[in-house]
There are 2 protein chains.
Amino acid sequence: MGKQATEMLKGILEGVVLAILSRRPAYGYDITARLRAQGFSDIAEGTVYALLVRIEQRGLVDVEKVPSEKGPPRKVYTLNGRGQEYLDEFWRTWALLTERLERLHDAGTDDDTEGEG
Amino acid sequence: MGKQATEMLKGILEGVVLAILSRRPAYGYDITARLRAQGFSDIAEGTVYALLVRIEQRGLVDVEKVPSEKGPPRKVYTLNGRGQEYLDEFWRTWALLTERLERLHDAGTDDDTEGEG
DNA sequence: CTCACTACTCAGTGTTACTATCTACCAGTA
DNA sequence: TACTGGTAGATAGTAACACTGAGTAGTGAG
């Protein structure tokens with residue numbers, strides 16, 4: 001992975017984490033593991049925790065502290081209504097973006113077809 | 001359009017501009033117009049020019065100054081070999097990302113289907 | 001000269017992901 | 001007690017990027 005992937009993740013990683021949380025509540029360490037299972041293998045733990053702080057401050061998730069058997073208490077994040085709305089908007093924006101990129105890619109693999117007038 | 005779109009553009013706008021240049025050489029003002037025609041209607045001109053400076057400094061494009069009939073001389077940008085390589089890698093990275101996001105979206109719209117454990 | 005369009009430049013700002021480091025709890029080992 | 005390793009989270013500093021807003025400069029119409 002190069003720098004491109006890192007830059008592309010900006011604004012997307014947040015949606016990805018919210019999507020993971022929409023499936024079921026989770027805590028930071030767990031989310032990091034899930035991200036890796038989803039193919040996002042290079043995500044630093046520090047990145048995830050910083051992101052969680054952000055979405056918490058924006059009120060997109062509810063937080064609950066739960067004691068752990070194997071370490072310090074876990075902060076379990078649950079997607080709330082606002083977070084769900086934000087996630088829906090994320091998917092809409094993502095769909096728009098992919099649509100445009102696909103058109104651009106098709107036009108590129110082909111040669112030249114446009115009518116900007 | 002909200003803040004989400006802005007953040008998602010990071011790392012993507014660059015690829016988009018390179019893709020536009022891969023179809024034919026163009027200059028800044030023209031690229032801005034093309035972006036808008038492609039659906040990226042909210043891109044600020046300043047953003048495009050800054051991006052062009054960046055890709056020029058990285059040696060992804062060749063630049064030629066061409067006199068204009070209606071204003072100051074144009075800086076015409078042409079994708080070079082290095083830029084083409086970079087663009088190819090961009091599309092590969094993009095494909096990987098869309099694949100992962102699609103999986104995530106499917107898993108989300110459905111309910112629960114996974115076996116990482 | 002002023003206005004409008006074309007064309008490019010630059011300083012400053014906010015957001016984001018990465019790196020590296022630190023705190024803290026528990027179990028196994030010496 | 002002290003050391004190691006896995007679990008769990010917090011934080012300071014850095015690099016990259018898109019946006020805002022202003023400015024410079026050339027051409028043609030009024």
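Each value in this text was obtained by applying a stated rule to the coordinates, not by laboratory testing. Quick caveat: nothing in here was measured; it's all calculated off a predicted structure. When we count neighbours, we look across all protein chains shown, and the Cβ atoms used for this are built from the backbone with ideal geometry, even at glycine.
Only sites in a loop by DSSP and with at most 11 other Cβ atoms within 10 Å count here; which GluC sites (Glu not before Pro) in the stretch B:25-117 make the cut?
Answer by residue number: B:GLU69, B:GLU114, B:GLU116.
Taking a ≥ b ≥ c as the square roots of the eigenvalues of the Cα gyration tensor of the stretch A:3-111, is the shape rounded (a/c under 1.5), prolate (a/b larger than b/c) or oblate?
Cα axes put the stretch A:3-111 in the prolate bin.
Using R₀ = 35 Å, calculate the FRET efficiency as 1/(1 + (r/R₀)^6) where r is the Cβ-Cβ separation of B:ALA44 and A:ARG36; round to 0.05. Display every interim value, and only then the final one.
Numbers: r = 36 Å, r/R0 = 1.03.
Step by step, r from the Cβ atoms, then E = 0.45.
Straight-line reach only, C-alpha to C-alpha below 19 angstrom: list the lysines that B:LYS3 could link to, leaving out same-chain residues fewer than 8 apart.
Qualifying lysines at Cα under 19 Å: A:LYS10.
What is the sum of charges around A:SER68, taking Lys and Arg as +1, Asp and Glu as -1, for the other residues whose C-beta is under 13 Å from the C-beta of A:SER68?
Net charge in that neighbourhood comes out at +1.
How far apart are the B:GLY108 label points across copies, placing each 7 Å from Cα toward Cβ, in nm, shortest first?
For B:GLY108, the inter-copy label distances come out at 2.5 nm.
Under 5 Å between amide H atoms, partner at least 5 residues away or on a different chain: which partners does B:TYR27 have, H built in plane at 1.01 Å?
For B:TYR27, whose amide H was placed from the backbone, the distant partners under 5 Å are B:TYR77.
Can you tell me the orientation of helix B:28-37 relative to chain B, as the angle in degrees between its alpha-carbon axis and the longest Cα principal axis, to the nearest 10?
Here the helix axis deviates by roughly 40 degrees.
Using amide H atoms built in the peptide plane, which far-off residues or other-chain residues are under 5 Å from A:VAL61 H to H?
Correct list: A:ASN80.
By how many degrees, 0 to 90 and rounded to 10, does the Cα axis of helix A:13-23 deviate from the longest principal axis of chain A?
Approximately 60 degrees, to the nearest 10.
Quote the convex hull volume per residue of the protein assembly as shown, based on C-alpha atoms, as a whole number of Å³.
Cα convex hull per residue, to the nearest whole number: 145 Å³.
Can you tell me which of A:LEU35, A:LEU79, A:LEU52 moves the most in a GNM of chain A? Springs connect C-alpha atoms under 10 Å apart.
A:LEU35
Give the nm distances, rounded to one decimal, from A:ARG54 to the matching residue in every other copy, measuring between label points 7 Å along Cα toward the beta carbon; shortest first.
Reported distances to equivalent positions: 1.6 nm.
If contacts are Cα pairs under 8 angstrom and at least 6 residues apart, what is the relative contact order of the stretch A:7-117 in percent?
Reported relative contact order: 26 percent.
Most fluctuating residue of A:GLY15, A:GLY71, A:GLY81 in a GNM of chain A with Cα springs under 10 Å: which is it?
A:GLY71
How big is the charge dipole of the stretch B:3-111 about its Cα centre, in debye rounded to the nearest 20, if each Lys and Arg gets +1 on its Cβ and each Asp and Glu gets -1 on its Cβ?
My answer is approximately 560 debye.
Suppose we consider the axis relating copy B to copy A; can you name the residue of B with the nearest Cβ and state that distance in angstrom as an integer?
B:LYS10, 2
Any idea what angle helix B:45-57 forms with the longest principal axis of chain B, computed on alpha-carbon atoms, 0 to 90 degrees, nearest 10?
So the inclination is approximately 90 degrees.
Can you list the distances in nanometres, one decimal and ascending, from the A:THR78 label point to the identical position in each other copy, with the point 7 Å along Cα to Cβ?
6.2
Between B:GLU56 and A:LYS65, what FRET efficiency follows from the Cβ-Cβ distance if R0 is 35 Å, with the result rounded to 0.05?
Here the calculated transfer efficiency is 0.10.
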